[in-house]
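Trainee: Please see the structure below; I have some questions.
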Amino acid sequence: MTSEPEQQIGVGTQDAFQRLWTPHRMAYIQGENKPSGPGADDGCPFCSIPAKSDEDGLIIQRGELVYAVLNLYPYTGGHCMVVPYRHVADYTDLTTAETAELAEFTKHAMSALRTASGAHGFNIGMNQGTVAGAGIAAHLHQHVVPRWGGDTNFMPVVGHTKVLPQLLGDTRKMLAEAWPTE
């Protein structure tokens, strides 16, 4: 039995749909933890995360010039980022050493995700500038998003909801333990 969609007014009426509420997403939608400006002292979370403990900052691994951290608003379980310590917006502004360590940490993140979660593939990239989709454009960060065969489902497309199978703290611990030691 199918029915035509109808406009929901107020609290809505009983229908055949169940609703999954994700109130934690409102923090992201409303811009919580977003910098107030482009400078390092304008509330940049990527500048403040390294001062926290690994557990509190969701840091997977620290390097000399970059660190790996879980995304607080992940696309999939294990979605992490590689971030330079230096507050820099554009990829072309990285030093040669920063570029090399960012690339090496990206490889290590892939290895750790394969070991810890059996990832079949990855989406890797960075959005340069607000118009390109960067949520925090003032501080460069590279996304490493693990993917699995069949991981696309109706939830994000139809339900506008992402289902994550593990708490972020547990994921951070699992990836930190699986991080290659060279």
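Trainee: Could you order ILE136, ILE59, ILE124 by accessible surface area, starting with the largest, using a probe radius of 1.4 Å? Walk me through the intermediate numbers first.
Mentor: On the way: ILE136 25, ILE59 0, ILE124 80 Å².
Greatest to least solvent exposure: ILE124, ILE136, ILE59.
Trainee: Give me the distance in nm between label points sitting 7 Å out from Cα along the Cα-to-Cβ direction at SER48 and GLN128, one decimal.
Mentor: The two pseudo-label positions are separated by 2.9 nm.
Trainee: If I stretch the segment between THR92 and GLU182 completely, what's the gain in nm (0.36 nm per residue apart, minus their alpha carbon distance), one decimal?
Mentor: Working it through step by step, the gained length comes to 29.7 nm.
Trainee: Taking the Cβ of ILE124 as the centre, find all other residues whose Cβ is under 15 Å away and add up their charges (Lys, Arg: +1; Asp, Glu: -1). Before the final figure, lay out the partial values.
Mentor: On the way: positive: LYS107, ARG114, ARG147; negative: GLU104.
Summing Lys and Arg as +1 and Asp and Glu as -1 gives +2.
Trainee: Just to confirm a number: summing +1 for Lys and Arg and -1 for Asp and Glu over residues other than LEU102 whose beta-carbon lies under 14 angstrom from that of LEU102, what do you get?
Mentor: On the way: positive: ARG62, ARG86, LYS107; negative: GLU64, ASP90, ASP93, GLU98, GLU101, GLU104.
Neighbour charge sum, excluding LEU102 itself: -3.
Trainee: Give, as a single signed number, the net charge of other residues whose beta carbon lies under 12 Å from the beta carbon of ILE59, with Lys and Arg counted +1 and Asp and Glu -1.
Mentor: Working: positive: LYS52, ARG62, ARG172, LYS173; negative: ASP54, GLU55, ASP56.
That sum, taken over residues with Cβ under 12 Å, equals +1.
Trainee: Find how much the distance from TRP148 to LYS34 grows on full extension, using 0.36 nm per residue of separation minus their present alpha carbon separation; answer in nm with one decimal. Provide the component values of the computation, followed by the final result.
Mentor: Numbers: separation 114, 0.36 × 114 = 41.04 nm, distance 3.01 nm.
Using 0.36 nm per residue and subtracting the Cα-Cα distance, I get 38.0 nm.
The values are calculated or read from the model by the stated rules, or taken from the named source; none is laboratory data. Worth saying up front: this structure is predicted, and the values here are computed from it rather than measured. Cβ: placed from backbone, ideal geometry, glycine included. Neighbour counts: every protein chain shown. Surface accessibility is based on the protein's heavy atoms, side chains included, excluding ligands, DNA and RNA. Shrake-Rupley method; radii C 1.70, N 1.55, O 1.52, S 1.80 Å.
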